[in-house]
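Below: one structure, written as structure tokens.
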Amino acid sequence: MQNISPTENSAKNDFANEYGKATSKSNVECQLCSQDVASIPNDYLMELVNIVYRRTNLDVTKVEEIIRMTLNHMQNTIPSLSGTLQVILNSSSYANTKTGSSKAYDSALSGTLTKLKFHLSHQAKNDMKKEDNDVIHDLLEELLDSLNVEDPDGYHHLIQQDDYHIIQILVSCFQLNYAPSLKLLLAQIFGVICYTMRDSTTILLHSVLPTELDEWNAELIEILLEKIERPPTNDDSVQLPPLFLKTILSFNLHMKDSIRNPVITALQNGITQEFCSSLILLFNRNVDPVGVTVSNQNPSAVIKMMLDMFSSEAVASVFYTNDVKVILDIILRNLTDLPSGDSGRSWNLTLLNRVAAINITSNFYRSEEFIPILSDLYKEEPCFDREHIEKLWL
């Protein structure tokens, strides 16, 4: 038998002790790791995606891709977390699938609605505080972003829950809250919901909302016009003017009498240069920010606004002479390009009638091009006022 020196024996004992400690520590870490892994929800990756998705304008699949890249980088950088991170990476497999995007969208919107219900209910029962308004403002922006999706069918079932309870809560918020920024966001949300969910219009009409809208006056519209002309200094990306323009166009759709229309009154008294320029730009691009479905009964929000503005010479005078010529250029192009029977062409003719009746300059502008087109339209368009146009043009 080989003799072992006391020194060697001591060294072996020390090694055995240290090995035992290391093994014991490793086992504990493994147990803790196992406990951590066991506590990870099956859909934890989706939960992470939802958190980022609600706070960004990124597509949900892009959000997941970024999160996966981050977790993979952490695996390589922190090997001790590799196992746990891999479980998270494997916890959801909906990347780049419509079903996965739908689930994430559903979860995100549902979470926003739940938080809104809580904060709005709390606000209704207590005095309104600035902190509450700030939270509600952020949640309303989240809701508006979620509603502005390509497939609105994805959120109908959530809005319809509990007999449209969320709509009633939003109406109550509109009624109780005097913060203009919240009212503007709520007005946009109502507009999107009404446009995509026709049955919700009936609910809103039977609520206190119509009464509340009556409180919108020319003074408020003038404030919006001023903000369009001179955007707030903290609006670095100039996002507010288009929002205010859309709000005015949306509100004007409800005004049937141009004489008692607060929008028209505000346009006579307020600053209108940027408003008119933006309106003409939308008309030229055939873009309706409100998204009205044009029919023989309903013009676009842009044309409705222009028809009201050309309802009297006093209001029409806010347009410069060159502005009127540009409008006539666009009408001429639309009359030429749009097919017979198209509702858009009929409304362009109606607008032409209104412009020609108010602005004497228009009667001579490009008349050699208008006259043959108008002559051809005698038999095609039911709204065509032959006697009126003959008097002004022919």
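Tabulated data for the structure shown
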quantity	calculated
Sites residue 366 and residue 217, calculated FRET efficiency, Cβ-Cβ separation with R0 45 Å, nearest 0.05	0.70
Two-site FRET efficiency, residue 118 against residue 329, from Cβ-Cβ distance with R₀ of 45 Å, rounded to 0.05	0.30
Inter-label distance, nm, simple model (7 Å from Cα along the C-beta direction), residue 168/residue 66	3.9 nm
Hz values of 3J(HN,Hα) by residue in segment 218-227 - Karplus curve (6.51, -1.76, 1.60), Gly and Pro given as x	4, 4, 5, 5, 4, 5, 5, 4, 5, 6
1.4 Å probe accessible area per residue over segment 218-391, in Å²	50 Å²
Accessible heavy-atom area order of 320, 155, 365, highest first, probe of 1.4 Å	320, 365, 155
Length released on extending from residue 81 to residue 44, taking residue separation times 0.36 nm less the Cα-Cα span	11.7 nm
Sequence of 309, 46 when ordered by accessible area, the most exposed leading, probe 1.4 angstrom	46, 309
Added length on full extension, which subtracts the Cα-Cα distance from 0.36 nm per residue, residue 239 to residue 259	4.1 nm
Carbon + sulfur, % of accessible area of segment 267-355 - ligands and nucleic acids excluded, 1.4 Å	45 percent
Accessible area of residue 110 in the full protein assembly, 1.4 Å probe (Å², nearest 10)	50 Å²
Pairs of lysine residues in segment 218-391 - Cα separation under 20 Å, sequence separation of 8 or more or cross-chain	7
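The values are calculated or read from the model by the stated rules, or taken from the named source; none is laboratory data. Since this is a predicted model, take the numbers as computed values, not measurements. Cβ atoms come from the backbone with ideal geometry, glycine included; neighbour counts cover every protein chain shown. When the accessible area is computed, the model is the full protein with side chains, heavy atoms only, and any ligands, DNA or RNA have been set aside. Shrake-Rupley method; radii C 1.70, N 1.55, O 1.52, S 1.80 Å.
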